[in-house]
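Worksheet for the structure shown next.
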Amino acid sequence: MRETNTMKKYLSIFANGILTENPLLMLMIGLCSSLAVTTNIANGVGMGLAMTFVLVMSEVIISAFRRLIPDAIRIPVFIIIIASFTTIVDLVMKAYAPALSRAMGVFIPLIVVNCIIMGRVESFSYKRTVAESVFDALGMGVGYTWVLCLISLIREFLGDGRFFGHAILPERFQVKFFSQSPGGFLVFGLLIAVALAVNARIAKKGAAR
Amino acid sequence: MNDLVKIFLTAMLIDNVVLMRFIALCPFIGMSNDARKSVGMSLAVLFVTVLATAATWPLYMFVLKPMHLEFLQILTFILVIASLVQLVEFYLKKSAPALYGSMGVYLTLITTNCAILAVTFDVIAKGYGFAQSMTYAVGVASGFTLSLLLLAGIRERIKIAPVPDFLKGTPILFVAAALLAMSFGGFAGLIK
């Protein structure tokens, strides 16, 4: 009985990041990278994976050492830990996926100042156990990645006429607007609107029950 | 001189940091609900961006590069920026309390403002000299100020405009930002 309860707790922590507290659609933090790199699906997946890796590793390390980090200097300590993992991602990408690394440019170093990581570390893993932090980081990472994939799918299809890199829409039906920056803002704005509507409907159903 | 003007205009209008490159979106959405607040934030960003570039450029060129420590760029830059912001905060609190009152609150938020870290990385990647780097920093910060003030103005109009229920709240901001970005697209032919 107790086992199923702990299982349930971890699952609800994990599910939290996917919709109800989705970092991009609900909390609206860490937006920069999500709009800038999402002109095609490869970039979207790459950024999502890089972000998830840094998120999981930072949360694990920080929650493991949470009793040793003095309260007064916790922010600089967090920054150093996050920056170290970002450097690892940056170097690994440069070595094994140079094309992807060039396409992302400055947005890989910018993972350091991504508010999602700083926010989760400060509000969650600094107070919780390692296991809980892992599930929280995974949930947030998956929540971030799926939104990124969805945005890049829409923008790649409408702007470039491609679906997972295969050209399917002929040139004259493509709307270049979507692969440029205004399209990014518009697609993201509409996605937030949909997410808010879905969330409101779920809340209403929960209240009626 | 011509070269510097070109860098400034490109950084401010053509490659506008918020609308064209999606950097510093969090303060763009979070701080633009009040015109006075956005002026304070913009001033703080301008100040710290210039200062941070003036500190990190020599650090990279004269310390990291000769010692082949380029891989430490991310770590050192973010630490320099974070401690710089702290120092400025202490200094202002002590010697210019009036200025601190108008700018101080935003200083703490600035450490995680991507625009600053992005500028310090950009000038290295573009291979700019010192004068060019400083011009670029001022240009980017002015571009941030311009877009923040524009959105703050638009938000005041949105408050009294009939917005469809579906788009109320944040979604309409992104739609407004999309239209702003489209108009900034018109600057693309400004410099050949």
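Distance from the C-alpha centroid of the stretch A:151-189 to that of the stretch A:65-89: 38 Å, rounded to the whole angstrom. Scattering from the stretch B:29-71 was approximated by placing one identical point on each alpha carbon and applying the Debye formula without solvent; log10 I(q)/I(0) at 0.22, 0.25, 0.27, 0.28 1/Å stands at -0.71, -0.80, -0.86, -0.89. Buried accessible surface for the A/B chain pair comes to about 2900 Å², total over both chains, computed with a 1.4 Å probe. Rounded to the nearest 20 debye, the dipole magnitude of the protein assembly as shown is 740 debye, with +1 charges on Lys and Arg beta carbons, -1 on Asp and Glu beta carbons, and the Cα centre as origin. Spread over its residues, the convex hull of the C-alpha atoms of the stretch A:161-200 is 83 Å³ per residue. When the trypsin sites (Lys or Arg not before Pro) in the stretch A:97-174 are filtered for DSSP coil states and for at most 13 other beta-carbon atoms within 10 Å of their beta-carbon, the remaining sites are A:K127. The residues of chain A expose on average 48 square angstrom of accessible surface per residue, using a 1.4 Å probe on protein heavy atoms.
In straight-distance terms, cross-link reach from A:K8 covers every one of the lysines whose alpha-carbon lies under 21 Å from its own, apart from those fewer than eight places away in the same chain; here that gives A:K127. Burial of accessible area (probe 1.4 Å, heavy atoms of protein chains only) in the stretch B:146-192, relative to its chain alone, reaches at least 10 Å² for B:F166, B:L167, B:T170, B:P171, B:F174, B:V175, B:A177, B:A178, B:A181, B:M182. Expressed in Å, the radius of gyration and Dmax of the Cα atoms of the protein assembly as shown are 21.4, 75.
Sorting the segments B:72-83, A:177-188 by their residues' average number of neighbouring beta-carbon atoms within 10 angstrom, most packed first, yields A:177-188, B:72-83. Among the protein heavy atoms of the stretch B:117-156, carbon and sulfur supply 65% of the accessible surface, probe 1.4 Å, non-protein parts ignored. Between A:A103 and A:R128, the contour length at 0.36 nm per residue exceeds the alpha carbon distance by 5.4 nm. Peptides B:180-188, A:140-148, B:168-176 ranked from most to least packed by the mean count of surrounding Cβ atoms within 10 Å: A:140-148, B:168-176, B:180-188. Shape class of the stretch B:1-135 from the Cα gyration tensor (axes a ≥ b ≥ c, square roots of the eigenvalues): oblate, since a/c reaches 1.5 or more and a/b does not exceed b/c.
Cα convex hull, chain A: 152 Å³ per residue, rounded to a whole number. As a calculated quantity, the FRET efficiency between B:A131 and B:A188 at R0 = 45 Å, using C-beta atoms, amounts to about 0.95. Restricting the stretch A:22-89 to chymotrypsin sites (Phe, Trp or Tyr not before Pro) that sit in a DSSP loop and have at most 15 other Cβ atoms within 10 Å of their own Cβ leaves A:F65.
Determine the shape class of the stretch B:72-192: with a ≥ b ≥ c the square roots of the Cα gyration tensor eigenvalues, call it rounded for a/c under 1.5, and otherwise prolate if a/b is greater than b/c, oblate otherwise. Judged from the Cα gyration tensor, the stretch B:72-192 comes out oblate (a/c at least 1.5, b/c at or above a/b). Taking amide H as placed 1.01 Å from N in the peptide plane, A:F163 has its amide H under 5 Å from the amide H of A:I168, each at least 5 places away in sequence or on another chain. Ranking A:N22, A:V106, B:A54 by how far each Cα lies toward the positive end of the dipole of the protein assembly as shown (charges on Cβ) leaves A:N22 at the top. Inter-label distance, A:M7 to A:E21: 2.3 nm, where each label sits 7 Å from its Cα along the C-beta direction. Accessible surface area normalised per residue over chain B is 46 Å², counting heavy atoms of protein chains with a 1.4 Å rolling probe. Placing dummy labels 7 Å off each Cα toward the beta-carbon, the span from B:L59 to B:L79 is 0.9 nm. Label sites at A:V92 and A:R67, each approximated as a point 7 angstrom past Cα along Cα to Cβ, lie 3.0 nm apart.
The values are calculated or read from the model by the stated rules, or taken from the named source; none is laboratory data. What you are looking at is a predicted structure, and each value in this text was computed from that prediction instead of being measured. Glycine gets a Cβ as well: all are built from the backbone with ideal geometry, and neighbour counts include every protein chain shown. What goes into the accessible areas is simple: the full protein's heavy atoms, side chains included, and nothing from ligands, DNA or RNA. Shrake-Rupley method; radii C 1.70, N 1.55, O 1.52, S 1.80 Å.
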